[in-house]
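Trainee: Would you mind keeping the following structure in view while I ask a few things?
The values are calculated or read from the model by the stated rules, or taken from the named source; none is laboratory data. Here the structure is a predicted model, which is why all the values come from computation and not from measurement. Neighbour counts run over all protein chains shown; Cβ positions are idealised from the backbone, glycine included.
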Amino acid sequence: MKALIKQLSIQLKMDVRDKGTLMVFYLVPLGFFIVVGAVFSSVNPEIKPILSATMAIFSTTMGAVIGIPPAIVRMKESGAIRAYQASGIPMISVVITTGLSALIHLSIVSIAISLTAPFLYGANMPESITGYAVTLLFLLLCNVSIGLLLGAVAKNTQTATLLSQAVFMPSLMLSGIMFPTSLLPTPLQMIGNLFPATYINHAFRGLAYRFDTEIAPHTSMAIIMSVTILTLALSIRYLGKITSVR
């Protein structure tokens, strides 16, 4: 446990010194929230009541899906992961450390957005603070696990970028966080159902704000948890193959 905490501390220090990490995890999501939050609340009145949740989904999805994969790829290319395994550090420890580091960064941003949105843009406070907190935790865990998997399967930075965009853009456009999914053609709605952000959106609406949703909130949470467990398991498996292949 002490070794894990020390490794996490080192990872956090490395993140703070990395301008790219600060940009993806903090500056861009917070900048988007400040600039676009006002636009969302005025253009789409349906978003204004749940603006806190909407911006939390955006910021965590961006930070995890775009920020984590390049970091994992750099670890693979530099031989750091093989060095960890050669030193007897289990792969699950590497995954946990990287994931926890990202989880801490994204939690800070999400909490900042959740606390300030009601004051800056008149967003509604959640009907259930507990429901909001639990859904936010599921959101963070799911997005971080997806980011880890994308980094694990990507062979280089270019591939990681393409995979990240292939997940991030549909999550942003087809999940209902920018505009109602009812405005989308049926094929695009079906594609949107492939992305966890869609179910996170339903979970926030149902559990935190007590809105009626097309998908039962608890069903959405079960799907999110299933995706989280699957992607974490696959991440550990793919990263564990690195030393055996090379």
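Trainee: Can you find a residue in segment 120-140 that is in contact with a helix residue (DSSP H, G or I) (Cβ under 8 Å, 6 or more places away or on another chain), surrounded by 17 or more Cβ atoms within 10 Å (Cβ to Cβ) and either acidic (D, E) or closer than 25 Å to R74 by Cβ (or both)?
Mentor: yes
Trainee: On to the next question. Hey, can you tell me all the residues within segment 34-78 that are closer than 30 Å to S235 by Cα and aromatic (F, W, Y)?
Mentor: Result: F58, single match.
Rundown of residues vs (1) among the charged types (D, E, K, R); (2) over 15 Å from the mean Cα position of the chain (by Cα); (3) at negative phi; (4) buried (at least 18 other Cβ atoms within 10 Å of the Cβ), yes/no style:
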site	(1), (2), (3), (4)
K6	yes, yes, yes, no
G20	no, yes, yes, no
L27	no, yes, yes, no
I34	no, yes, yes, no
I47	no, yes, yes, yes
M62	no, no, yes, yes
V65	no, no, yes, yes
I68	no, no, yes, yes
R74	yes, yes, yes, no
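Trainee: Quickly run through segment 170-199 and pick out the residues that are within 15 Å of V65 (Cβ to Cβ) and of a type outside the set (S, T, N, Q).
Mentor: Once the filter is applied, which keeps residues that are within 15 Å of V65 (Cβ to Cβ) and of a type outside the set (S, T, N, Q), segment 170-199 yields P170, L172, M173, L174, I177, L194, F195, P196, A197.
Trainee: Still on this structure: State all residues of segment 182-210 that are free of Cβ contacts under 8 Å to residues at least 60 places away in the same chain and surrounded by fewer than 19 Cβ atoms within 10 Å (Cβ to Cβ); if no residue qualifies, say none.
Mentor: S182, L183, L184, P185, T186, P187, L188, Q189, M190, I191, N193, L194
Trainee: Something else now. From the list L174, L232, L150, pick out the single residue that is more than 24 Å from M125 (Cβ to Cβ), without any contact (Cβ under 8 Å) to a residue 40 or more places away in the chain and under 20 Å from the mean Cα position of the chain (by Cα).
Mentor: Of the residues listed, the single one that is more than 24 Å from M125 (Cβ to Cβ), without any contact (Cβ under 8 Å) to a residue 40 or more places away in the chain and under 20 Å from the mean Cα position of the chain (by Cα) is L174.
Trainee: Let me ask something else. Go through segment 23-107 and tell me which helices (runs of 4 or more DSSP H), entirely inside it, have 2 or more residues that are at pLDDT 85 or above, within 17 Å of I177 (Cα to Cα) and in contact with a helix residue (DSSP H, G or I) (Cβ under 6 Å, 6 or more places away or on another chain).
Mentor: Output list reads 28-43, 51-78.
Trainee: So if I check each of M221, M169, M225, which one is among the aliphatic types (A, V, I, L, M) and crowded, with 19+ Cβ neighbours inside 10 Å? Write out each step before concluding.
Mentor: Details: M169 fails: crowded, with 19+ Cβ neighbours inside 10 Å; M225 fails: crowded, with 19+ Cβ neighbours inside 10 Å.
It is M221.
Trainee: Specify which of the listed residues (F179, F195, F168) is over 16 Å from the mean Cα position of the chain (by Cα) and of a type outside the set (K, R).
Mentor: Going through F179, F195, F168 in turn, the sole match is F179.
Trainee: Looking only at segment 157-210, count every residue that is over 21 Å from M221 (Cβ atoms), modelled with pLDDT under 90 and outside any helix (DSSP H, G or I) and tell me the total.
Mentor: The total comes to 4.
Trainee: If you check K48 against the conditions, is it of a type in the set (K, R) and over 14 Å from G122 (Cβ atoms)?
Mentor: For K48, the condition - of a type in the set (K, R) and over 14 Å from G122 (Cβ atoms) - is not met.
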